[in-house]
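The block underneath contains the structure these notes are about, expressed in structure tokens.
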């Protein structure tokens, strides 16, 4: 999980443990990227987009690393509220591109 807010990390940690899961934790983009480089590819990354160094930087690194191709990224952010995240931010986090209508 990549989250800079201690209270949110504590909540996520508790929920994950109750469900029998464990998580590597990072607070910044730099810490997250370092963790991804040293550990086996995770099944899922819970990623706060608004972290020091930029969550989109982490999402982009995940999407551009072949060894992480099977990793699912779940964005955790207040920026997901209607009207707050730009389309390009959502596409960067999900690895999608806009569709054109003709």
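The values are calculated or read from the model by the stated rules, or taken from the named source; none is laboratory data. Since this is a predicted model, take the numbers as computed values, not measurements. Positions of Cβ are generated from backbone atoms using ideal geometry, with glycine treated the same way; all protein chains shown enter the neighbour counts.
For region 1-40, a tally of residues being under 23 Å from residue 65 (Cα atoms) and surrounded by 14 or more Cβ atoms within 10 Å (Cβ to Cβ) returns 16. Do the conditions hold for residue 67, that is, is it under 10 Å from the mean Cα position of the chain (by Cα) and either at positive phi or assigned to a helix (DSSP H, G or I) (or both)? Judged against the criteria, residue 67 is not a match.
Of the residues examined, residue 23 is one that is in a loop (DSSP other than H, G, I, E, B), without any contact (Cβ under 8 Å) to a residue 24 or more places away in the chain and in contact with a helix residue (DSSP H, G or I) (Cβ under 6 Å, 6 or more places away or on another chain). Residue 8 meets the conditions (1) free of Cβ contacts under 8 Å to residues at least 60 places away in the same chain; (2) not in a loop (DSSP other than H, G, I, E, B) in every case but one. The failed one is (1).
Within region 35-44, can one find any residue that is touching a strand residue (DSSP E or B) at 6+ places or on another chain (Cβ under 8 Å) and not in a helix (DSSP H, G or I)? Within region 35-44 (the criterion being touching a strand residue (DSSP E or B) at 6+ places or on another chain (Cβ under 8 Å) and not in a helix (DSSP H, G or I)), the answer is yes, since at least one residue qualifies. Exactly one residue among 74, 51 is under 17 Å from residue 9 (Cβ atoms), part of a strand (DSSP E or B) and modelled with pLDDT of 95 or more, and that residue is 74. Given the criteria surrounded by 18 or more Cβ atoms within 10 Å (Cβ to Cβ), modelled with pLDDT of 95 or more and in a loop (DSSP other than H, G, I, E, B), does residue 62 qualify? Against the criterion (surrounded by 18 or more Cβ atoms within 10 Å (Cβ to Cβ), modelled with pLDDT of 95 or more and in a loop (DSSP other than H, G, I, E, B)), residue 62 does not qualify.
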